[in-house]
Amino acid sequence: MQFSKIIGHTPLKARLIGNIREGRVPHAQFFMGPRGSGVLPLALAYGQYLLCEAPGPGDSCGTCASCQMVAKLAHPDLHLVFPIYLIEKIRTCEPYLPDWRAAVLEQPYLDDDIWREKINGVNKQLRMGVDIAAEVMRKLSLKSHRGGWKVMLIWLPEMMDASMANKILKVLEEPEPRTSFLLAGHANDRMLPTILSRTQLVKIAAPDPGEVAEALHERYPDLTTEEARTIAGRSEGDLLEAFAMAEDSEEELFVFFRDWLRACYGNKVAENIASSDYFAKMGREKQKGLMTYSLHLIRQCMLQWQDAPQLVQAYGEELEFTRNFSKVLNTSNLDGIRQALETAHGHLERNANPKVLFMDLSYRLSDLLRMKEVAR
C-alpha cells in the first residue's frame with residue numbers, strides 16, 4: 001500500500017513521511033480514527049515506506065522487491081497480528097493469515113464486521129489472547145530477513161485481552177533497534193492505559209465530503225456528480241459506508257424501506273414477518289447500511305415536517321415519500337422514531353440477532369407511527 005493510493009489525509013501523509021526521512025521513527029504508534037477513515041491503509045503505507053529499498057521524498061517507490069512483497073502482505077519483515085476466534089485448536093493468527101491477507105487486499109478499509117463474515121463467524125467474538133502475544137514475541141526475536149526494519153502491525157488493538165496486553169508491555173516499551181510497532185484501530189477507551197502510554201497517538205480524521213465524492217467518481221464512473229455528492233454527505237466520511245451505498249441499489253433500499261414503513265403504519269404483522277426474514281438474510285454490512293439509509297430518509301422527513309424543504313437531500317420518489325410521510329410525524333413520535341432506528345443500528349454493531357431485532361423494531365415503529373400528537 002502506497003500513500004498515494006489512500007484517499008485524503010494529505011497533510012498527515014506528508015508529516016509521516018517527513019518524520020521517517022528525518023530519522024524520527026517512534027518505536028510504537030497508534031493510528032486511531034473512525035471506521036472507514038483509513039487507519040489500516042495508512043499504517044500499511046507507513047510500514048511499506050519503512051521497508052522500501054528506494055523511498056522517494058513523497059512515497060515508497062512501489063517497484064522494489066520489498067514494496068512488491070508488502071503489496072501482497074507477504075514481506076518477511078512485516079508481521080501481521082489481528083483478532084481471531086480463539087478456539088481450542090487455533091489460538092494464533094497464523095492459520096487465519098491467508099484469509100486476512102485476502103480480505104485486506106480486497107478491501108483495505110476492512111472493519112471487524114467484514115472480517116467476521118469472511119471467516120464465517122458473524123455472531124462470534126473476535127479476540128487476541130496470550131498465545132498471540134507469544135507469537136508476537138517469537139516473531140520479534142527473529143533477525144530481519146532483509147537487514148532493515150522489522151514492522152509489527154497489530155490491527156484492532158482494542159480487542160486485545162488483558163493477558164496479551166500485559167505480556168507485550170515490555171517489548172512494546174523497549175523493542176530492539178529498527179523495530180516499529182504500528183497499531184491500527186478505532187477506539188482507545190477499551191485499551192489498557194499502560195499500552196496507550198507506550199505508544200505515540202496518530203489521530204486520523206474522516207475524509208471530507210469532497211474527497212469522498214472524488215473517490216466515488218474515480219471508483220464508480222457511472223455515478224453522476226449529484227449522486228456522488230449525496231452519497232458522500234450521507235456517509236459522513238466513512239468510506240466503507242460510501243462504497244456500500246454506491247454498490248447497493250438505492251432504488252431497492254428505498255422500495256424496501258417504503259413498503260416496510262407502510263406495513264408498520266398499517267400494523268400488518270404478516271408483512272413485517274416477511275420483511276424480517278428478508279432482512280435476516282442480508283449481510284451484516286447491508287443490514288447496517290439499511291439502518292443508515294433509514295435514518296437519512298427519516299431526517300429528510302423531519303426537515304419537511306419542520307417546513308425546511310430547501311434543506312432536504314432527496315430526489316424523485318424519495319422526495320415524494322418525504323413529503324407524504326412527514327404528515328405522519330408529530331411532536332409525540334418524531335424523536336422516538338429516530339431513537340428506535342439509532343438503537344437498532346447500535347445493536348447491529350454489537351452483533352444482535354437481526355431477525356429478532358428487526359421484528360422488535362417493526363413493533364416499536366408500528367406504535368410510534370400511529371401515535372397521535374398529545375395536546376399541551
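We did not get these values from a lab; they are worked out from the coordinates using the rules stated. Predicted, not measured: the structure shown is a model, and the values here were computed from it. Cβ atoms come from the backbone with ideal geometry, glycine included; neighbour counts cover every protein chain shown.
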### Query
Which whole-number percent is the relative contact order of segment 248-369 (Cα, under 8 Å, 6+ apart)?
36 percent
### Task
Working from Cα positions, state the angle (0 to 90°, nearest 10) between the long axis of helix 269-281 and the longest principal axis of the chain.
20 degrees
### Task
Show that you can apply the helix-only estimate: for the chain, add -39,500 (n - 2.57) for every DSSP H stretch of four or more residues, divide by all residues, and state [θ] at 222 nm to the nearest 500.
-16000 deg cm²/dmol
### Query
Which value in nm describes the separation of the simple spin-label points at Ile90 and Glu247, placed 7 Å from the Cα toward the beta carbon?
2.2 nm
### Message
Given N residues in the chain, what is its alpha carbon radius of gyration divided by 2.2 N^0.38 Å?
### Response
1.12
### Summary
Using alpha-carbon positions, the gyration tensor of segment 3-203 gives root eigenvalues a ≥ b ≥ c; with a/c under 1.5 called rounded, otherwise prolate if a/b exceeds b/c, else oblate, the class is rounded
### Task
Could you list which residues have their amide H under 5 Å from that of Gln200, counting only those 5 or more apart in sequence or on another chain, with H placed in the peptide plane?
Ala28, Gln29, Phe30
### Summary
Checking rank on 25-35, 235-245, 79-89, 346-356, with mean other Cβ inside 10 Å and highest first, the result is 235-245, 25-35, 79-89, 346-356
### Query
Please report, for the Cα atoms of segment 248-369, the Rg to one decimal and the Dmax as a whole number; what are they, in angstrom?
13.6, 39
### Query
What nm value, rounded to one decimal, do you get for the distance between Glu176 and Lys355 when each label is placed 7 Å out toward the C-beta?
5.3 nm
### Query
Mind ordering 322-329, 101-108 by average Cβ neighbours within 10 Å, highest first?
322-329, 101-108
### Task
Provide, for q = 0.15, 0.19, 0.27 Å⁻¹, the log10 of I(q)/I(0) from a solvent-free Debye sum over equal Cα point scatterers in segment 307-363.
-0.61, -0.85, -1.04
### Query
Leu105 versus Thr225, label points 7 Å from Cα toward the beta carbon: distance in nm?
3.8 nm
### Query
By count of other Cβ within 10 Å, fewest leading, how are Trp100, Trp305 ordered?
Trp305, Trp100
### Summary
Restricting to Cα pairs under 8 Å and 6 or more apart, the percent relative contact order of segment 145-264 works out to 20 percent
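What's the FRET efficiency of Ala74 with Ala280 using the Cβ-Cβ distance as r and R₀ = 35 Å, to the nearest 0.05?
Here the calculated transfer efficiency is 0.40.
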### Message
Which residues does the label zone of Arg190 cover in segment 39-63, counting backbone N under 18 Å from a point 7 Å along Cα→Cβ?
### Response
39-40
### Query
If you plug each phi of segment 177-187 into the Karplus form 6.51 cos²θ - 1.76 cosθ + 1.60 with θ = phi - 60°, what whole-Hz ³J(HN,Hα) values come out, in order, with x for Gly and Pro?
x, 6, 10, 10, 8, 10, 9, 10, x, 10, 8
#### Entry: Relative contact order of the chain, pairs being alpha-carbon contacts under 8 Å that are 6 or more residues apart, as %
18 percent
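Let me know the shape class of segment 331-375, please: from the alpha-carbon gyration tensor, a ≥ b ≥ c as square roots of the eigenvalues, rounded when a/c is under 1.5, otherwise prolate if a/b is greater than b/c, or oblate. It would help to have the intermediate numbers written out before the result.
Values: a/c = 5.67, a/b = 2.09, b/c = 2.71.
Oblate is the answer for segment 331-375, as a/c is 1.5 or above yet b/c matches or exceeds a/b.
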### Task
Specify the inter-centroid distance of segment 228-258 and segment 65-125, based on alpha-carbon positions, in whole Å.
27 Å
